[in-house]
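Everything below concerns the one structure shown next.
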Amino acid sequence: MSLLYQRVAFIGLGLIASSMAHAIRRAGLAAQTTGTARSLETRAVAAEIGLVDQVFDTSAEAVAGADLVVLCVPVGAMETVARDIAPHLARGATITDVGSVKQAVIDAVAPHLPAEAHFIPGHPLAGTEHSGPKSGFAELFDNRWCILTPPSGVDPQALERLTLFWRGLGANVDLMDPPHHDLVLAVTSHTPHLIAYTMVGVADDLRRVTDSEVIKYSAAGFRDFTRIAASDPTMWRDVFLTNKDATLEILGRFTEELFALQRAIRQGDGDLLHGYFSRTRAIRRGIIEAGQDTDAPDFGRVQKKQD
Ligand code: NAP
């Protein structure tokens with residue numbers, strides 16, 4: 001893969017930025033990388049492990065001379081960051097972000113950027129429950145989707161370059177309009193996270209089942225909820241605060257379906273339950289066929305050797 005940008009600047013140095021930094025190096029996509037984060041601690045760790053070529057104390061220094069700036073902070077912090085960097089951006093720079101919600105980020109960021117900046121919002125559909133500068137790895141985006149939501153009238157060359165950049169990071173790229181992105185993600189990510197948070201909360205409240213039993217027998221299904229429910233609280237708080245309408249819409253439909261299944265259980269309607277579960281099983285097969293998950297036993301988890 002060839003060099004696409006001279007200088008890529010990261011604002012925020014957590015899971016997504018650090019994975020991007022590793023993948024940039026793997027593919028040789030940028031001549032230089034810079035970055036900054038809110039806390040001294042994160043900046044010190046990033047400098048110590050050589051995550052980017054130069055770590056700066058301020059976002060103004062980090063973005064100076066950068067032809068690509070990537071905002072990798074929680075959605076709720078995007079506006080402050082945009083306001084801070086705007087006066088220091090290089091002419092003609094491309095600004096993108098990785099936020100999990102798109103319309104709210106556009107509303108928060110776009111008004112602050114200079115007219116000649118190319119603002120192309122993005123969202124890589126890849127992540128883990130881990131955070132921070134040490135949590136990233138170069139393979140995170142391999143064969144995952146990155147959705148870009150370019151505004152109408154976007155510079156075609158800037159869009160082409162950013163598309164090639166994400167492909168160089170390993171991802172497949174799709175374009176969407178922001179409200180559609182937010183609805184799709186409410187179905188595929190945001191509402192499932194809320195359900196996982198709720199289920200783990202419910203188990204925690206159950207007094208007839210002891211904590212040790214919940215942990216000991218978690219492999220029966222609960223464990224996968226706990227992994228999702230261990231995701232970063234700040235990031236997910238911001239997702240629900242900023243993708244409110246789409247999440248509430250999907251949650252409403254979820255509740256209706258849940259009541260239907262509840263009634264089927266109460267009435268002993270095995271046909272309804274069997275039909276429903278057959279339909280959902282087919283969706284799982286579709287995900288595996290699309291290469292978006294593994295059908296290895298136990299989700300491909302490495303089995304512990306029995307001593
Ligand atoms: P993360 O590991 O928690 O890192 C967030 C980074 O943002 C940290 O370096 C943090 O600095 C910095 N930050 C927080 N508030 C800031 C502020 N006000 N000003 C400047 N820097 C600030 O988070 P992440 O998982 O990489 O997520 C970053 C973005 O990617 C979020 O918008 C999220 O929605 C999106 N995203 C996440 C995932 C996922 O699964 N995690 C997937 C796709 C997209 P300190 O360390 O100093 O606090």
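Some points to look at:
- Given a 1.4 Å probe and the protein chains as shown, Lys134 ends up with an accessible area of around 150 Å².
- Counting DSSP beta bridges with both ends in the chain, the antiparallel % (nearest 5): 10 percent
- Helical runs assigned H by DSSP (4 residues or longer) give the chain a calculated mean residue ellipticity at 222 nm of -14500 deg cm²/dmol, each run adding -39500 (n - 2.57) before division by the residue total.
- Length gained when the stretch Ile215-Leu175 is fully extended (0.36 nm per residue, less Cα-Cα span): 10.3 nm
- For the chain, the membrane-span-like helix rule (DSSP H, alpha carbon extent of at least 30 Å along the helix axis, mean Kyte-Doolittle at least -1.0) picks out 244-267; this says nothing about an actual membrane.
- Backbone amide hydrogens, once placed in the peptide plane, bring Val173 within less than 5 Å of Cys146, excluding anything fewer than 5 places away on its chain.
- What the chain shows is 55 Å² of accessible area per residue, with the surface traced by a 1.4 Å probe over protein heavy atoms.
- Taken as Cα centroids, the stretch 177-231 and the stretch 22-67 sit 33 Å apart, rounded to the nearest whole angstrom.
- Residues of the stretch 219-233 falling in the label zone of Phe254, defined by backbone nitrogen less than 19 Å from a point 7 Å along Cα to beta-carbon, are 221-233.
- Straight-line cross-link partners of Lys216 among the aspartates and glutamates, defined as a Cα under 18 Å from its Cα and at least 8 positions apart when in the same chain: Asp204, Asp205, Asp224, Asp298.
- Cα gyration tensor shape for the stretch 5-176, rounded if a/c is under 1.5, else prolate or oblate: rounded
- Candidate aspartates and glutamates - alpha carbon under 15 Å from Lys134, same-chain residues fewer than 8 apart omitted: Glu41, Glu48, Asp232
- Set of aspartates and glutamates near Lys244 by C-alpha distance (under 16 Å), chain-local residues within fewer than 8 positions excluded: Asp107, Asp182
The values are calculated or read from the model by the stated rules, or taken from the named source; none is laboratory data. Because the structure is predicted, anything quoted here is derived from the model rather than measured. A quick note on method: Cβ atoms are made from the backbone with ideal geometry, for glycine too, and the neighbour counts reach across all protein chains shown. The protein model used for the area step is the full one, side chains on, heavy atoms only, and it has no ligands, DNA or RNA in it. Shrake-Rupley method; radii C 1.70, N 1.55, O 1.52, S 1.80 Å.
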